[in-house]
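Notes to accompany the following structure.
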Amino acid sequence: MPTVDSFRAEMILSYILNQPKASPQPPVSCSYVILVGGSGTAKTSSVLMYANKFNKEKMLFKRINFSSATLPSHFQAAIEAECDFKIGKDFAPPQNKNMTVFIDDLSMPFVNKWGDQVTLEIVRQLIDQGGFYMLDKAQRGNFRGIKNLTYIGAMQHPGGGRNDIPNRLKRQAVIFNMILPLSVEGIYGPIIKHQFKAKYFSADVNRAIDTLTGATIQIWNKVKATMLPTPAKFHYVFNMRDLSRVFKGILSVRKETINTAAQVGPMKSDVFLVGLWMHECERVFVDKMTNQKDKDQVCNYIKDIALDLYNHLDSEIQDKYSKEKLFLMCDFLKEDIKNEDGLVEVEAEKIYEGVNSIDRLRLRCNSLLQDYNDKYPAKKMSLVLFDDAIKHLLRISRLIKQPRSNALLVGVGGSGKQSLTRLDADILKNVCYQIILTKNFSEKDLKEEIKKLFDWAGHLGKQVTFILTDSEVKKEEFLEYINMILSTGEVAGLLAKDEKEVWLADVRNDYVKEKQLGNIDPPQSDLYAYLVDRIRDNLHIILCFSPVGQKFRDRSRKFPALFNECTIDWFLPWPEAALVSVAETFIKNFKELDTTNDIKEELMKHMGNVHIMVNSVCELYFQKMRRQVYVTPKSYLSYLNSYKELYLKKYAELDLQENSYKIGLNKINEAAKQIEKMGVALREEEAQLKEASEKTEKLLEDLEKESKKANQKNDEVEATTAQCMKQAQMIASEKQAAEKDLAAAMPALIRAQEAVDSLDKKDIDEMKAMKTLMDIMKAIIDSIVVYFMGKLLPVQSFTVKISKVDYQFLKDSFDEGGKSVLFDMNFLNKLKGFEKDGINEETIELLQPYMSQEWFSEEKAQSASKAAQGLLKWVKAIYEYHEKSKIVKPKKVYLQIQEGRLEMARKELAKAEKDLNEIKEYLAKLKETFNKQMEEKSFLEQKSNKTKKRITTARQLIESLSDEKARWGQGATENS
């Protein structure tokens, strides 16, 4: 509803934002506006009314809501989603239209430890530079220009825990202050009169209607002035949103319901209207209170104002709306029409009407609960619908029924927040949904869940109730998305472009039908606005939070929409009547409780009093120690279950004691009979014992004979073993000496291997590529040909040039044998696999002329090439290895002969050990037979002794229990 203040704000916005630009450069709007004002000063409403007057063919509108968790990437994604029309290198809104971007709660982004608000920096960059640098990993650092945008910001006054914004963001803005409307009555009065037209009602009802607006504003001012926010009651903030909620509830009632108010007991229509007003004020103001004292105080305010403004109805108000009498509004009293099979044929219309009987309500609610449990047996809820639970059920139902209504249910664990919401969603035929957390649940998964909700509520047009609890807020960043939905009804970048087009095409018919457009094709912007409106109207977010801890208070500051856009219902601790009611249901369902009805009733009262006493002690503990301990309804239910478990345990112990008495009596009688049977068994056991003793003596004689044979054979084996060990020690000593000589030759072999490993194919190819090899290279190749036993020239004297010095030496055989060796494809592999132990003395003799030359050295070879140096290292290392290892070979042959002799000795030893083992096995079997016979004899002796002892004990027991028999009989009778 436009007011003078909102019209003034619209005009100022229009004058500022429609100013002509001084020049086309820079390519951005040089004017933008920031609205500053307290909560409820119509900042957002004024901007939305201003935007509703846009010519949508020229100007589009985009609303973005900031919170403490809004990141630069969120803002950038929101702008990118709307500006996808490319103009040269830059981008603009669709079809190159202009767009006004409204940033609500501009000052909300988190201030880091350096005093920066990072999210506002990208906003400043977009306004100042006409674009921003991309944050997406694939395009990071690329600048994207954005054209045709105008900006409006809205924020609260800084201070009192609220942030300011940077001066660099303020410098180009026109900032003006928003105040509360001078006349609030002018906003809501016409709405009430339009809805409740005078021609439909009597004069008395019209008189009451005319007073509604003033009464509501009066209670609003009263509550706002007295119920001030404190650190413990930080949410005691009352603005025009609360006024709107009161009138929204009043306008939910049909005129027929008011005119037929006599059905709610003997009540006149104007009295019913006053009761309706009082009820809606309680739902908005009283339900927000955190304790019973504050609730009673606000209720008294409401009643006092009602008595003051409706003084002509004083007696009737006192009578109908006293504390002792009930008056509630309910929208599910009417029952569905069902067939014989229990299936619904005609759904009952949900009419918001009054009810003054708690018993009628309880009966109806229990019936609906039974229907829910029958429909969802896997999700069966065992609820006790006591008075307070029914009242909360009606409050939640009222919110879910209203379009664009959300709730914040605040209470400790076990208060029934989730269960009552599920039941209400089923009653109102809503889709009830709750996310299922997994170990790796992330923001991406949450966005998929939100998309599913948007599909149901917006795309398909279903009524959806979404429950979100403390435990499901895995990260506080999750609440940023909930804040967005509550504020604007959309999440930036949630829908892909093609998916968005499909949804808009699907809702087109509904939009055309609802707006009665006929054959007119609506623009995409109108369809999208309609889709967002459907989401906001149909999606009811029910937040179930606990007030315990700092986190709840922090959320009110970081995510304001959670409190501003939700109606708060504060769950107080269960009263005594509720506790007794829950205990009563528990006792009735506890079939194993074996006592009288009078004791059961006293037990119910005692259980409720125990919980109240514990709460009192916790309060006393807090006053003394300043440490809070919470005893929740969940604790009370655990207490009842613990009582049940303990009762069953103790009851079972009494049953066990009774059975023990009876068993004792039976045992005494059985013992006398068993004594006679044991006497017969004892005589048979003594005969068996005599026979076993004779067998044992015979086996003992055989065992002694075989033991002598085994000892003799064992001596022979020990002598043979000693001889073998001595021979093995001698061979090991000689083998160690040979291995020591061999170890001396190993460094040379290692150097040879390293020399080959240092070469690679490139080095060899370089040598092959030389047209003429140097003389030292040819000499090295000749020495390798000698190792490989290749073809050599007959000995001829020849002058070789080494490092420009002439030496007299042998003519090389490179052409005859060296070339074929060097150019062999497996040359390197042959060097690595050369059989070093197969070199004979003739080969060594042929190599000696080379080894004796002073120029046949690594230094000279290195000057020729790396390959030549490596090959020379290999040649010399192999030569050195042969010289050092040739003294080891005779020793190896001798070792082989000695090891052969040792093997023969071991075979003889193995045969002797085998014979010994056979004797030992026979001896072991004989011992085993003997041991078994001894065990049998021992068993028979023990059995005989045990039988004698049992006979003696049984006789003593019967004699000693002769006096107890009478007492046991009496105990069994008492416990039965």
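Observations on the structure shown:
- Qualifying residue in the stretch 528-540 (condition: open to solvent by 30 Å² or more (accessible area, probe 1.4 Å), of a type outside the set (D, E, K, R) and either under 37 Å from the mean Cα position of the chain (by Cα) or over 25 Å from Asn52 (Cβ atoms) (or both)): yes
- In the stretch 259-274, the qualifying residues are those that are out of contact with any Phe, Trp or Tyr (no Cβ under 7 Å at 6 or more places or on another chain) and assigned to a loop (DSSP other than H, G, I, E, B), and the one that is surrounded by the fewest Cβ atoms within 10 Å (Cβ to Cβ) is Pro266.
- Long-range neighbours under 9 Å by Cβ, at least six apart or interchain, first residue surrounded by fewer than 20 Cβ atoms within 10 Å (Cβ to Cβ) within the stretch 33-55, second in a helix (DSSP H, G or I) and of a type in the set (Phe, Trp, Tyr): Met49/Phe7
- Pairs, first among the β-branched types (Val, Ile, Thr) in the stretch 442-456, second assigned to a helix (DSSP H, G or I) and surrounded by 14 or more Cβ atoms within 10 Å (Cβ to Cβ), C-beta under 8 Å, six or more apart: Ile450/Tyr481; Ile450/Ile485
- Number of the exception - Thr290 against (1) assigned to a loop (DSSP other than H, G, I, E, B); (2) under 17 Å from Tyr352 (Cβ atoms): (2)
- Filter result (open to solvent by less than 30 Å² (accessible area, probe 1.4 Å) and either under 19 Å from Asp387 (Cβ atoms) or of a type outside the set (A, V, I, L, M) (or both)) within the stretch 587-623: Ile587, Phe590, Met604, Met607, Gly608, His611, Cys618
- Among the criteria (1) touching a residue at least 24 places away in the same chain (Cβ under 8 Å); (2) closer than 17 Å to Ile541 by Cβ; (3) open to solvent by 60 Å² or more (accessible area, probe 1.4 Å), the one Asp510 does not fulfil is (2).
- For the criterion of being assigned by the TED database to the domain that holds Leu169, open to solvent by 80 Å² or more (accessible area, probe 1.4 Å) and farther than 20 Å from Pro93 by Cβ, Arg124 fails.
Per-residue answers, yes or no, for (1) over 23 Å from Phe201 (Cβ atoms); (2) free of Cβ contacts under 8 Å to residues at least 12 places away in the same chain:
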{"residue": "Phe272", "(1), (2)": "no, no"}
{"residue": "Leu276", "(1), (2)": "no, no"}
{"residue": "Ser315", "(1), (2)": "no, yes"}
{"residue": "Gln318", "(1), (2)": "yes, yes"}
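- Of all the numbered requirements in (1) within 43 Å of the chain's Cα centre (by Cα); (2) open to solvent by 70 Å² or more (accessible area, probe 1.4 Å); (3) of a type outside the set (D, E, K, R), Tyr200 misses one, and that requirement is (1).
- Of the residues making up the stretch 151-172, those that are over 36 Å from the mean Cα position of the chain (by Cα) and either surrounded by fewer than 20 Cβ atoms within 10 Å (Cβ to Cβ) or of a type in the set (Phe, Trp, Tyr) (or both) are Tyr151, His157, Pro158, Gly159, Pro166, Asn167, Arg168, Lys170, Arg171, Gln172.
- Failed item, numbered, when Lys819 is tested on (1) open to solvent by less than 30 Å² (accessible area, probe 1.4 Å); (2) at pLDDT below 80; (3) under 16 Å from Met777 (Cα atoms): (1)
- Of all residues in the stretch 173-189, those that are open to solvent by 50 Å² or more (accessible area, probe 1.4 Å) and modelled with pLDDT under 85 total 5.
- Count of residues meeting criterion [open to solvent by 70 Å² or more (accessible area, probe 1.4 Å) and basic (Lys, Arg)] in the stretch 822-844: 2
- Evaluation of Thr595 against (1) of a type in the set (Val, Ile, Thr); (2) assigned to a loop (DSSP other than H, G, I, E, B); (3) in the same structural domain as Gln402 (by the TED database) (one fails), failing number: (3)
- Of all residues in the stretch 123-138, those being part of a loop (DSSP other than H, G, I, E, B) and among the small types (Gly, Ala, Ser) number 2.
- Of the helices (runs of 4 or more DSSP H) lying entirely inside the stretch 175-258, none contains at least 3 residues that are of a type in the set (Asp, Glu) and either out of contact with any Phe, Trp or Tyr (no Cβ under 9 Å at 6 or more places or on another chain) or over 30 Å from Lys293 (Cβ atoms) (or both).
The values are calculated or read from the model by the stated rules, or taken from the named source; none is laboratory data. Note that the coordinates shown come from a computational prediction; the quantities given were computed from them, not determined experimentally. Cβ: placed from backbone, ideal geometry, glycine included. Neighbour counts: every protein chain shown. Side chains included, ligands, DNA and RNA excluded: accessible areas come from the protein's heavy atoms. Shrake-Rupley method; radii C 1.70, N 1.55, O 1.52, S 1.80 Å.
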